[in-house]
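Novice: A single structure is presented below for examination.
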Amino acid sequence: MDLQNTDCILIMGSNFAEAHPVGYRFVMRARERGAEVIHVDPRYTRTSATATSYARIRAGSDVAFLGGLVRHVLNSERWNGDAFFREYVTHYTNASTILKADFRDASELGGLFSGWNEAERRYDRETWQPAERAGSRAHDGGPDEATDDVQTSQSFGARAGNEASETVLRDPTLEHPQCVLQVLKRHFESYTPDVVERVTGIPAEQLIAIGDALLRNSGRERTSAIAYAVGWTQHTNGPHLISTAAILQLLLGNIGRPGGGIQALRGHATIQGSTDIPTLYDLLPGYLRMRNDTEAHDTRRGYVASEAARGGLWAHAEAYLASLLRAWFGPAATPENEGGFQLLPRITGDHSHLPMFVKMHNGEVDGLFLMGQNPAVGGQNARFQRAALGRLKWLVVRDLFPIESATFWKESPEVVSGETSSESIDTEVFLLPAANVLEKEGSFTNTQRLIQWHHRAVEPPGDCRSDAWFVDQLWKRVRAHYAASDRPRDEPIRALTWDYPVSGPHGEPDIDCILREINGFRFDDSIERDWDARIEGAAARDRDALLRERWLAREQLATSTRLRDDGSTACGCWIYCGVHGDGNRAASRNPGDGWISPDWGFAWPSNVRMLYNRCSADPAGRPWSERKRYVWWDDEARRWVGADQPDFPVDKPPGETGRADAVGLDAHAGDAPFVMKDEGRAWLFFPQGLKDAPLPTHYEPWETPVANALYPKQSRNPLAGTFDVAGNAYHGVANARYPHVLTTYRLTEHHTGGGMTRWNTWLSELQPEAFVEIDERLAEELGVTSGDWVTVMTARGEADARAMVTRRLRPLWIGGRRVHQIGFPWHFGYSGVATGSAANDLVALVTEPNVSIHEGKALTCDIRRGRATRPNAAETRA
Amino acid sequence: MSEQRDVAAHAPRAGAAPLASIVDWERVGARQEAELTAGVRIEAGKRYGFFTDTTLCIGCKACEVACKQWNQLPAEEVDLVPLTYDNTRSFSATTWRHVRFVEQLDEQPDLQAIAKPWGWHGSEQWADPGSRWLMMSDVCKHCATAPCMEACPTGSIIRTEFDSVYVQQDICNGCGYCQVACPFGVIEVATETDGKAHKCTLCYDRLRDGLEPACAKSCPTDSIRFGVVDQLLEEARVRVADLRARGVTAYLYGSGGPLEDDCDTSALGGLNCFFLLIDRPEVYNLPAVPQRPSERTLRGLVAGMITALAIGVGVGFTLRRDAR
Amino acid sequence: MKGLEAGARVSPAHAASYMGVPPIKAPSWKPGMIPGYFWLGGIAAGAWLVVSLDDLAGERDEELLRAGRWVAAGALGGGTVLLITDLGRPERFLNMLRVARPRSAMNAGAWGLTAFGGAVGLALLVQVLRDLGGAGRGANAAALDRGIQLLGLAPGLFVGSYTGVLLSSTSVPAWALRSGWLGPLFAAASTSSGIGTLLVIGELRPWRSSSTARRLARAQAAALAIELALSHVSERPAARLPSRSTEPRDERALRALAHGSAAVGLLCALRGGRDARLAAGLLAVAGGLALRFLVTRSGRRSAGTPEDTWEHAR
Ligand SMILES: Nc1nc2c(c(=O)[nH]1)N[C@H]1C(S)=C(S)[C@@H](COP(=O)(O)OP(=O)(O)OC[C@H]3O[C@@H](n4cnc5c(=O)[nH]c(N)nc54)[C@H](O)[C@@H]3O)O[C@H]1N2
Ligand SMILES: Nc1nc2c(c(=O)[nH]1)N[C@H]1C(S)=C(S)[C@@H](COP(=O)(O)OP(=O)(O)OC[C@H]3O[C@@H](n4cnc5c(=O)[nH]c(N)nc54)[C@H](O)[C@@H]3O)O[C@H]1N2
Ligand code: SF4
Ligand code: SF4
Ligand code: SF4
Ligand code: SF4
Ligand code: SF4
Ligand SMILES: [Mo]
């Protein structure tokens, strides 16, 4: 919502208007207020059409472009001439930190950084650390390489580090050759406009123009924003992309200020919520790491030592953990089992989506619950994923419609073409009807971390039930099954609290109670025991009423600062603390000013609408300008005040210095806005966090039409995860057989794998069938016109669809040749009303090293006129 | 299961006659929902309509779907139109909102000799006909002198208390005359189903209950603005002036007066639903100077009668008995 | 466009269409019904007109009057059946009589049709009674007959011509541009095909009076001449429509048929003689049908041609 205040927005790697139309209203408002809207995309889309300017980029080359912008900014007169930038960067980032003398940059080492261990193919991150005063004690945090193989999912915490250490060397003049700013400058020095043009296809002068637009619209008086989505993330260097953007915005002083920031436009309605309270295998709620099988995690003490920082909010990781364990295990969290810590299972390896499906394909997985996922369409190398589903013993699909993942054994192209047969697939598939969002209550957490409650509008029809109902029923059966077990490994199952009352015609669990548990409450052992006894003794029909009564009686916590590590508090997700502090604040509905609207829903943490908003004031606590005032220090009231809840200790004066001996926020100075960070300052250089680089670096996609013009010796990410399995061959670099770039994307009219749209006739009529977008020139070469069938080919397979020949796509001049980009919306599949080839049948299994994201946005392919040789669903339907 | 979820498979509601409002707003003294969502209070006797600012449209088609959903209009059997994102193509008895997409992109200059990068226009490239993709959500214009209404032989088409043009389903006889009278191809007879004429009702049933029309409410960018026509016109004129100051060739289509030399909707006495356009009307499939067919009726009937009589007299002469 | 800054770029007028999608709708009428109704209604009106005028113009020709009444009744009945078939249900016709709206050609037509139908029905009743020996003869009876014919004359003239106005009061360019002419043209065509029908009847079952056929042939010649002239003139305003230049073969054939029949019919009527008169009558009737099909068809195509609308609505 704050985007409406921006002066310039760079939308890149997102089709904002098409995939986030409702949020886009704020962009349109900004545009009408005079903001520049710049869209950088391989295709001219509905976003480009409504932007004030558009640049066409080669898919997968964004780091080069953004690096070019960083270089342009750092070398610009404006950046070097306006004191604002230097002041912001010096105080609010780690620009002044001096790195170890033996750190070597990718520009010196041909695309790799110092610390590369070729034999083990991993980095030793020691040289990426800050230089310390001679003779100082060895830090106890530092790089945490031991967990590299098991922690492969999203997280954002600054893990234990030593940045806050007072022994770190700094140069506030930013002149030291080994200080972060100088290292950064050297790193991007080779990203000149001409080189960027050769890599991205974006003309040099356009890069300069966009850089100037950002510079013009950044500073005391003006702010620029950046918005991205999965056009940036789904790459083997996705995190590099986002961190380049972060660097750019920090350099421009656009973080934590109104109209600034980086908007990660999240996907599914509550995908933000499902990372906060994660469906990810290696995270616990609130971005605490899942317990893993490294030595450090043997004990709770070890876990805390490796996960907690000294400075910032992560200093209290133990309180978050203890409260979580209390919420989960209640009275069973005892001192003997370290407050429940020993009841936590441990992960032993990479169990993210693709490795899991590879195991499934190998026959190592017996059963699978698919609750709101359609990998037969949305999964990379969907053919492979369908084959994997066919090797399960059982598969439970809970969905609104009979989606492809439930019908693959009879309707998939492989079965229809006779390549395989229904008889040869032994998977027993259970299709269970799920209630949809309008038929149940719950909350959504959106892109701006806003938790919003939704009420049930109607009861679900027929046998449809909510997922909560299903999980409740399933859990009660599992618990009964293990009730008599005395095996230690079943102990967590027996210890888990499950005290949600059920009600209504279907016995739905009370979601409000679950929100209360997430919010957290004071846990008093004796009171809890009394309740337990009362409930135990009550008649069965009174139990649910009593359970609810107990929830109402539990004293809700108002903020996460009240969480304790001694078991006296229970909290399902520390960052959500406060959402039910004073009634269900997610359900509050006061539209307010339509900007901050503090009484509309609840934003984590603590209803802060803009993270790190201390940055909106200068180091002395004064607004940078009248126009951009947001949160500032009121000297009379001796507190931080402003439009939003300050994301900062409200009474810490700007001039305060951090106390070296303190922990948590007390360790931070009054001008250290980044409360999550160890040191309280944002990183322009990442001593840890990323496994594959301390600075974002342009690597080509795993499949690329050209070698890396910036680092010829290191075309691709050295740590990309590849899968040597049947049907998953890669094209490699500049493979002449697959000369074109292929990119996949969404259409407004459909949603992801299509479960919610391709069965709906109103939406299906708007985009009734798969199609492939190609440029006029390529169409001419192929001899096709709009409406003709074309077949796109990769080493993984073929997919055909009708061609949409359009000037919205155009070839680029890259590496001395014409490169065509082909667009294939990936929503379609073989079941439903609107059908067509699944673009994902073409995509390879390959992952990024830090977060295991696949690369679905940039690959290479060939194309020919006519239908695929393998019949596909569209044909068999006709 | 798919039966349970067949959300869109209903025939148009036949015979939906004007409904009595459920709520007496005056008595309740409450705020209408429309006041919250559109900032306008809906009262009988005022002229309501839409101001559709096409420069704000992002082509999301939410309006099209909202209309179908609210009015329970069945989807159509459409084929992919592989030229465009507009698979709807035109209005029909079951499509009362329609979003058009006009690609106006210059041919690509020679790649190797890019002098000026394509698609870069400094500012407002969306307003430059060389690099734009126009989107426009079209709807029944609720014309002041509505040709459909004037043509209707049964009096089925009436003007409501909100000054909208409304087809009373129980009176329509399916003659289809309105369909050929409408200068905008809006209204259509559902020949396959109930054989009656259908078009946008300006959400008459919603207005009666103090709700903003479904399409306008769903529009994320407020490209469709619902309100009292005179107020909308004022807003629109300000907007046009603003855009022109920015160098955009904006003008109003359907504002009632001859605003531009060669675009004039005054024959229809003004359109309650009018549009801000930035290219010629034909580009959006709209006639530049829509005519009022009924202007030809009386004249034609009299001319026809007179000539018929003249012919009769002429022929009558030849009928005289042979003067033998 | 006025008021736009110099150099403002907009598409040139006429350069555009929206992917060829028609901006207006073609009629929903079921194929054949409406031109058929126009044609039959025209025959009824034409036959009524000619026998009434004949009655007014000279001595009574009982035979012709009777034939005219039967033709009018038969054709009108047939036409009404076609009209109702197009509407779907008979009571739907009645919906048109709930209101009187002079701005609606179709409403006016419905009233005209009703009035004409009343006159024709009355005439038929009298005729049947008379033929059965009732209703008397003599001066009073003649006055009654004349009165009835006169009563039906105005609605008859209306029914014969309003159908053209019905078409030109639409947004279909090929019709709208011919406004002012389609009514007269249809009036002429109605007259000629009404006369044609009587001619044909007379040749198949010869009149008792030999002058009847000759008189009718002269009338036929006159009507066809007027029709041809009006055809020619009325086409001019629509000739500039782009859809005219892309006229498909079948439509050209229809045009040739409509105009050719009228022209040859005219020659035949002038030539005289039994066979020629028969041919003239048949050609006039067939030409009338071809003309109605031609006009509706070209209108349908015009509605489907965006450029026609641009030409019309500017
Ligand atoms: N209508 C609709 N809305 C949705 C969804 C939907 O399916 N339909 N899905 C939701 C979900 S789950 C998500 S994750 C979000 C995704 O939202 P977005 O990321 O905005 O959507 P996409 O269409 O996948 O990709 C965005 C754009 O990235 C471009 N692109 C591809 N490769 C590159 C590249 O290398 N660089 C750059 N700069 N751009 C590239 C594509 O051309 C495309 O226009 O949308 C959410 N919203
Ligand atoms: N090539 C390529 N592949 C991609 C992407 C891309 O851009 N390019 N995008 C990726 C992204 S960002 C995403 S998020 C994934 C999405 O792909 P998937 O994760 O497979 O997600 P969906 O297809 O949205 O499947 C969600 C299913 O949940 C069902 N559903 C809806 N509501 C409920 C409910 O309340 N309960 C239950 N049980 N089911 C429900 C829907 O009907 C639907 O079938 O695809 C990824 N795949
Ligand atoms: S589908 Fe929902 S989340 Fe997506 S843009 Fe529309 S309202 Fe927002
Ligand atoms: S636009 Fe057409 S349907 Fe709508 S009121 Fe005007 S004439 Fe009638
Ligand atoms: S179809 Fe119905 S609404 Fe249209 S003109 Fe005929 S009676 Fe009137
Ligand atoms: S006003 Fe109502 S009926 Fe008319 S287009 Fe909008 S939603 Fe449809
Ligand atoms: S809802 Fe609004 S933005 Fe979306 S297509 Fe309709 S008018 Fe355009
Ligand atoms: Mo997503």
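Novice: Between segment A:633-668 and segment B:45-109, how many Å separate their Cα centres?
Specialist: Value for the Cα centre distance between the two parts: 52 Å.
Novice: Also, I was wondering about something else. Using the alpha carbons of chain A, what is the convex hull volume per residue in cubic angstrom, as a whole number? Kindly include the intermediate steps, with their values, before the conclusion.
Specialist: On the way: hull volume 145.1 nm³, N = 878.
Hull volume over Cα atoms, normalised by residue count, gives 165 Å³.
Novice: Compute the Kirkwood hydrodynamic radius of segment A:374-479, taking the inverse of the mean of 1/r over all pairs of distinct Cα atoms, and give it in Å to one decimal.
Specialist: With all distinct Cα pairs of segment A:374-479 included, I get 15.9 Å.
Novice: Still on this structure, please answer the following. Using only the alpha carbons of segment A:576-630, determine the length spanned along each of the three principal axes and report them from longest to shortest in whole angstroms.
Specialist: Here the spans come out as 37, 23, 13 Å, largest first.
Novice: While we're on this one: Express in whole angstrom the spacing between the alpha-carbon centres of segment A:730-792 and segment A:272-305.
Specialist: After rounding, the separation between the Cα centres reads 40 Å.
Novice: Defining a contact as two alpha carbons under 8 Å apart and six or more residues distant in sequence, what relative contact order in percent does segment A:325-388 show?
Specialist: Working: 34 pairs, mean separation 14.3, N = 64.
Result for segment A:325-388 is 22 percent.
Novice: Between C:Ala279, C:Ala72, C:Ala142, which gets the highest mean-square fluctuation from a Gaussian network model of chain C, Cα cutoff 10 Å?
Specialist: Looking only at C:Ala279, C:Ala72, C:Ala142, the biggest GNM fluctuation is shown by C:Ala142.
Novice: Right, another one. Give the shape of segment A:1-122 as rounded, prolate or oblate, defined through the alpha-carbon gyration tensor: a ≥ b ≥ c are the square roots of its eigenvalues, a/c under 1.5 means rounded, and otherwise the shape is prolate if a/b is larger than b/c and oblate if not.
Specialist: Working: a/c = 2.58, a/b = 1.54, b/c = 1.67.
Judged from the Cα gyration tensor, segment A:1-122 comes out oblate (a/c at least 1.5, b/c at or above a/b).
Novice: Right, here's the next one. Assigning unit charges at the beta carbon (Lys, Arg +1; Asp, Glu -1) and nothing else, what dipole magnitude in debye, to the nearest 20, does the protein assembly as shown show about its Cα centre?
Specialist: Numbers: 165 positive and 180 negative charges, 1363 e Å.
Computed about the Cα centre, the dipole is about 6540 debye.
Novice: For chain A, what is the charge dipole size about the Cα centre, in debye to the nearest 20, if Lys and Arg each add +1 at the Cβ and Asp and Glu each add -1 at the Cβ? It would help to have the intermediate numbers written out before the result.
Specialist: Details: 97 positive and 116 negative charges, 329 e Å.
Magnitude of the dipole: close to 1580 debye.
Novice: With θ set to phi - 60°, apply the Karplus curve 6.51 cos²θ - 1.76 cosθ + 1.60 along segment A:352-362 and write out the HN-Hα couplings as whole Hz, x wherever there is a Gly or Pro.
Specialist: So the Karplus estimates, Gly and Pro as x, are 6, 3, 5, x, 5, 6, 5, 4, 4, 4, 7 Hz.
Novice: Quick one: P(r) of segment A:449-521 from all Cα-Cα pairs, 10 Å bins, percents rounded to integers, in order of increasing distance.
Specialist: 15, 40, 31, 12, 2
Novice: Report relative contact order for segment A:216-267 in percent, whole number only (criteria: Cα-Cα under 8 Å, sequence separation at least 6). Working shown, then result.
Specialist: Working: 59 pairs, mean separation 26.4, N = 52.
That works out to 51 percent.
Novice: Right, here's the next one. Compute the Cα gyration tensor for segment C:7-163, then decide on rounded, prolate or oblate, letting a ≥ b ≥ c be the square roots of its eigenvalues: rounded whenever a/c is under 1.5, prolate when a/b is larger than b/c in the other cases, and oblate in all that remain.
Specialist: Working: a/c = 3.11, a/b = 2.56, b/c = 1.22.
Prolate, since a/c reaches 1.5 and a/b exceeds b/c.
Novice: Output ³J(HN,Hα) for segment A:509-518: one whole-Hz value per residue in order, computed from phi by the Karplus curve 6.51 cos²θ - 1.76 cosθ + 1.60 with θ = phi - 60°, and x for Gly and Pro.
Specialist: Values, residue by residue: x, 7, 5, 4, 5, 5, 5, 5, 5, 4 Hz.
Novice: Given A:Asn5, A:Pro21, B:Ala190, which one lies farthest toward the positive end of the charge dipole of the protein assembly as shown, if we put +1 on the Cβ of every Lys and Arg and -1 on the Cβ of every Asp and Glu?
Specialist: My answer, from the dipole projection, is B:Ala190.
Novice: Quick one: what does P(r) look like for segment C:90-220 with 10 Å bins over all Cα pairs, in whole %?
Specialist: 12, 28, 35, 19, 6, 0
Novice: Amide H of A:Thr569 versus every other amide H placed in the peptide plane: which residues, excluding those fewer than 5 positions away on the same chain, fall under 5 Å?
Specialist: Those lying under 5 Å, H to H, from A:Thr569 are A:Phe523, A:Arg564.
Novice: Next up: Could you order the peptides A:530-541, C:150-161, A:5-16, A:663-674 from most to least packed, using the average number of other C-beta atoms within 10 Å per residue? Let's see the in-between values first.
Specialist: Details: A:530-541: 11.5, C:150-161: 25.1, A:5-16: 27.1, A:663-674: 21.9.
Highest-to-lowest ranking by the protection proxy: A:5-16, C:150-161, A:663-674, A:530-541.
Novice: With each run of n ≥ 4 DSSP H residues scored as -39500 (n - 2.57), what mean residue ellipticity at 222 nm is computed for the protein assembly as shown after dividing by its residue count and rounding to the nearest 500 deg cm²/dmol?
Specialist: -11000 deg cm²/dmol
Novice: Here's something else I'd like to know. Provide the percentage of antiparallel DSSP beta bridges, counting only those with both residues in the protein assembly as shown; round to the nearest 5. Kindly include the intermediate steps, with their values, before the conclusion.
Specialist: Working: 70 of 118 bridges.
In the protein assembly as shown, DSSP labels about 60 percent of beta bridges as antiparallel.
Novice: Which percent of Cα-Cα pairs in segment A:186-243 sits in each 5 Å bin, short to long?
Specialist: Computed distribution, short to long bins: 4, 15, 15, 21, 29, 13, 3, 0.
Novice: Going toward the positive end of the dipole of chain A, with +1 on Lys and Arg Cβ and -1 on Asp and Glu Cβ, which of A:Ala667, A:Val833, A:Ser606 do you reach last?
Specialist: The listed residue farthest towards the positive side: A:Val833.
Novice: Now for a different question. Strictly over 31 Å apart at the Cα level, which of B:Lys46/B:Lys68; A:Lys857/B:Lys217; B:Lys46/C:Lys30; A:Lys100/A:Lys628 would you flag in this model?
Specialist: Details: B:Lys46/B:Lys68 26 Å; A:Lys857/B:Lys217 34 Å; B:Lys46/C:Lys30 39 Å; A:Lys100/A:Lys628 38 Å.
Where the Cα-Cα span goes over 31 Å, the pairs concerned are A:Lys857/B:Lys217; B:Lys46/C:Lys30; A:Lys100/A:Lys628.
Novice: With +1 on the Cβ of every Lys and Arg and -1 on the Cβ of every Asp and Glu, and nothing else charged, how large is the dipole of segment A:644-791 about its Cα centre, in debye rounded to the nearest 20? Don't skip to the end; give the middle numbers.
Specialist: On the way: 11 positive and 22 negative charges, 106 e Å.
For this selection, approximately 500 debye.
Novice: Could you tell me which of rounded, prolate or oblate describes segment B:177-268, using a ≥ b ≥ c as the square roots of the eigenvalues of the alpha-carbon gyration tensor, with rounded for a/c under 1.5 and, failing that, prolate when a/b is larger than b/c and oblate otherwise? Mind showing how you got there, number by number?
Specialist: On the way: a/c = 2.49, a/b = 1.44, b/c = 1.73.
It is oblate, given that a/c is not under 1.5 and a/b is not larger than b/c.
Novice: Using Cα pairs under 8 angstrom and six or more residues apart, how large is the relative contact order of chain A, in percent? Spell out each step's value before the answer.
Specialist: Details: 1978 pairs, mean separation 145.7, N = 878.
Dividing the mean separation by the residue count of chain A yields 17 percent.
Novice: Further question on the same structure: Whose amide H sits under 5 Å from the amide H of A:Arg122, counting only residues 5 or more places off or on another chain, with H placed in the peptide plane?
Specialist: Correct list: A:Asn117.
Novice: Okay, next question. With unit charges on the beta carbons (Lys and Arg positive, Asp and Glu negative) and the dipole taken about the Cα centre of segment B:205-312, which residue among B:Ile224, B:Leu298, B:Ala245 sits farthest to the positive side?
Specialist: B:Leu298
Novice: Only residues of segment A:451-493 count here: report those whose backbone N is under 16 Å from the spot 7 Å along Cα→Cβ of A:Asp532, or say none.
Specialist: Under cut-off, by backbone N: A:491-493.
Novice: Please order A:Asp105, B:Asp209, A:Asp651 by the number of other Cβ within 10 Å, starting at the fewest.
Specialist: Values: A:Asp105 20, B:Asp209 17, A:Asp651 12.
Ordered by Cβ neighbours within 10 Å, fewest first: A:Asp651, B:Asp209, A:Asp105.
Novice: Further question: For segment B:262-269, what does the Karplus curve 6.51 cos²θ - 1.76 cosθ + 1.60, with θ = phi - 60°, yield as ³J(HN,Hα) per residue in whole Hz, taken in order and with x for Gly and Pro?
Specialist: Computed from phi, the couplings for segment B:262-269 are 10, 9, 8, 10, 5, 4, 9, x Hz.
Novice: Right, here's the next one. Please compute the length gained on full extension between A:Ala480 and A:Ala553, using 0.36 nm multiplied by the number of residues separating them and subtracting their Cα-Cα distance.
Specialist: 23.5 nm
Novice: Can you give me the C-alpha center-to-center distance between segment A:448-512 and segment A:692-726, rounded to a whole angstrom?
Specialist: So the two Cα centres are separated by 44 Å.
Novice: When the gyration tensor of segment B:277-324 is built from Cα positions, what are the square roots of 5 times its three eigenvalues, in whole Å, from largest to smallest? Intermediate results must be reported in sequence, preceding the final value.
Specialist: Values: eigenvalues 468, 22, 4 Å².
In descending order the semi-axes read 48, 10, 5 Å.
Novice: For segment A:478-518, what is the convex hull volume of the alpha-carbon atoms per residue, in Å³? It would help to have the intermediate numbers written out before the result.
Specialist: Values: hull volume 3.2 nm³, N = 41.
Given the Cα convex hull of segment A:478-518, per-residue volume reads 78 Å³.
Novice: Tell me the angle of helix C:33-57 to the major Cα principal axis of chain C, expressed in degrees between 0 and 90 and rounded to the nearest ten.
Specialist: Rounded to the nearest ten degrees, it is 40.
Novice: Mind checking the angle between helix C:210-239 and chain C's longest principal axis? C-alpha axes, 0 to 90 degrees, to the nearest 10.
Specialist: 10
Novice: To the nearest 0.05, how large is the calculated FRET efficiency for B:Glu103 and C:Val99 if R₀ is 45 Å and r is the Cβ-Cβ distance?
Specialist: Values: r = 46 Å, r/R0 = 1.02.
The value I calculate is 0.45.
Novice: So, one more: What value in Å³ per residue do you get for the convex hull of the alpha-carbon atoms in the protein assembly as shown?
Specialist: On the way: hull volume 321.1 nm³, N = 1516.
Per-residue hull volume (Cα only) is 212 Å³.
Values quoted throughout were computed directly from the atomic coordinates according to the rules given, and no laboratory measurement underlies them. As the structure is a prediction and not an experimental result, all values here were calculated from the model. All Cβ positions, glycine included, derive from the backbone under ideal geometry; neighbour counts span all protein chains shown.
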